[in-house]
Amino acid sequence: MKKDLAVIFGLFLLIAVLLIFGKGFSTISYLEFQRSPQVEKDTIAVTAKTLPIEAKVVTSPGDRKKGLSGQNSLPLGQGMLFVFENKGLYGFWMKDMKFAIDIIWLDENKKIVDIAQMASPEPGKKDKELTIYKPSADALYVLEINAGLSSLHNLQIGDKVGFELE
């Protein structure tokens, strides 16, 4: 009898703790988050073939240098669009990156000029030892997305990418 009361009391206590402290972990809040992902104010819709991306736009040299470095992951359907003042052969490295990405270079007409698929982090390497991914042609924009998405959506050099900058 005492054992049964102890189990019932323990369950009651567990339920009370979950109700008080478990708001962020409930299935309902998870599903609500999945249905309506929060989009940052400095993002734009980018479309490449069948791939829709909500991309954070970075224009300043400091933001471009930092990029996605230090982030633990990139939510599916999101990316980062780098906008440069002039077209050029802009190289990208994976310094302080924690996940692989696809890097897509676009010209001034928003056509893909090169793609680096599955660019992977290189932990433990010194800055001078890191791989620098460079395009084969001048680019004005660079789009970073989750690794494998460019292959999954069959993105190729010459494909047009749609987006409007404000």
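Any read-out appearing in this document is the output of simple, stated calculations on the displayed coordinates, not a laboratory observation. Source: prediction; values computed, not measured. All Cβ positions, glycine included, derive from the backbone under ideal geometry; neighbour counts span all protein chains shown.
Using Cα pairs under 8 angstrom and six or more residues apart, how large is the relative contact order of segment 103-166, in percent?
48 percent.
Only counting other Cβ atoms within 10 Å, I'd like S73, S150 sorted with the fewest neighbours first.
Least to most surrounded, the residues fall as S73, S150.
Using 0.36 nm per residue, how much length does the chain from D96 to N72 gain when fully extended, once their Cα-Cα distance is taken away? Show your work: numbers first, answer last.
Details: separation 24, 0.36 × 24 = 8.64 nm, distance 1.00 nm.
Result for the pair: 7.6 nm of gain on full extension.
Under 22 Å between alpha carbons, and skipping anything fewer than 8 positions from K87 in its own chain: which lysines qualify?
The qualifying lysines are K56, K65, K66, K110, K111, K134, K160.
Full extension from D4 to E129: what is 0.36 nm times the residue separation minus their Cα-Cα distance, to one decimal in nm?
Gain on extension, D4 to E129, equals 38.6 nm.
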